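> I have a structure I would like to understand better, so I am pasting it below and will then ask my questions one at a time.
Coordinate-derived values only; no laboratory data. The structure presented is a predicted model; accordingly, all values stated were derived computationally and were not measured. Virtual Cβ from ideal backbone geometry, glycine too; neighbours counted across all protein chains shown.
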Amino acid sequence: MSPRIPKRMKGCPVHGGLAVPEVAARHLDPDYRPLFGINHPGRVNNCLINRLCGNCGTPLSSRPGGKYALLLRPADFGRGYSSEPALHPSDCAPYAVSACPLLNGRLASYPTRRRDLEAERCGDPECDCRLWTNAPDHQERAGADASPFYAAIYRQEDYRLCVGEKRGRQGVLLGVAAAGVESLSVKLVTKGDPSSLDFARALLFGLPLSG
């Protein structure tokens, strides 16, 4: 049974009983299956820059004492940022955890078949799938063991973006900073199948090893 879609995500498209996240790549024609697990770079950057939730696409809290959530792997703590946008901690983050098979533990590894995004272009010149390419990180992830994931909660006053170098390019928007920002709480949401490196990172950053 699909998890209940939170009220905040009622405006999202729904496919197979699941709300389609704001950042998910999808075709212009809603009859095509959205690409769950594949993010649209333009949608991601829009959420990052404008402080929008990556699930529902609405603004994160800006009130004093407001909070946001990041879903992070040990490697994300190591590099100091989340490449995915922040989420509303009360509903959108829990929905992501319950709906995503990697986050809820139903999948112990990424699918072994490498997804050919270029072959999934629909041919509509108005659809931005014409820009889809087979990014190296998507290809390298195929068949890899699932990492542990943590839900970290932060104060909205501490929200800042991380900009740096990526594949030889400088000044690239990388994501939401996690380094140099004190979290209010960090909770293990799925154990995954941690490597020895994941264990080392968890110990280094004081991450919980059990729920």
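> How big is the chain by the Kirkwood estimate over distinct Cα pairs, in Å?
17.9
> If you don't mind, there's one more thing I want to ask. Highest mean first, how do 156-169, 14-27 rank when packing is the count of other Cβ atoms within 10 Å averaged over residues?
The packing order, highest mean first, is 14-27, 156-169.
> How charged is the neighbourhood of GLY78? Take every other residue with its Cβ under 15 Å from the Cβ of GLY78, and add Lys/Arg as +1 and Asp/Glu as -1.
Local net charge: +1.
> So, R0 is 30 Å and r is the distance between the beta-carbons of TYR32 and LEU173; what FRET efficiency does that work out to, to 0.05?
So the FRET efficiency works out to roughly 0.60.
> Scan around LYS67 for amide H atoms under 5 Å from its own, H built in the peptide plane at 1.01 Å from N, and keep only partners 5 or more places away or cross-chain.
Correct list: SER61, GLN156.
> State, to one decimal in nm², a quarter of the convex hull surface area for the C-alpha atoms of the range 72-111, i.e. the direction-averaged projected area.
About 3.4 nm², averaged over all directions.
> Using the count of nearby Cβ atoms within 10 Å as a rough guide to exposure, how do SER2, SER61 rank from fewest to most?
SER2, SER61
> On to the next question. Given the options THR58, THR133, THR190, state which has the largest fluctuation in a GNM of the chain using a 10 Å cut-off (strictly under) for Cα springs.
Looking only at THR58, THR133, THR190, the biggest GNM fluctuation is shown by THR133.
> How compact and how long is the range 44-135, expressed as Rg and Dmax of its alpha-carbon atoms in Å?
Values for the range 44-135 (Cα only, Rg and Dmax): 16.0, 47 Å.
> Set the Förster distance to 35 Å, then compute FRET efficiency between ALA200 and HIS15 from the Cβ-Cβ distance, nearest 0.05.
On the way: r = 38 Å, r/R0 = 1.10.
Efficiency computed from Cβ-Cβ geometry: 0.35.
> Now a separate question. Using a 7 Å offset from the Cα along the Cα-to-Cβ direction at both GLU118 and LYS166, what is the distance between the two label points in nm, to one decimal?
The two pseudo-label positions are separated by 2.1 nm.
> Amide H to amide H under 5 Å from VAL189: which residues, 5+ apart in sequence or cross-chain, H placed 1.01 Å off N in plane?
Those lying under 5 Å, H to H, from VAL189 are PHE149, TYR150, ALA151.
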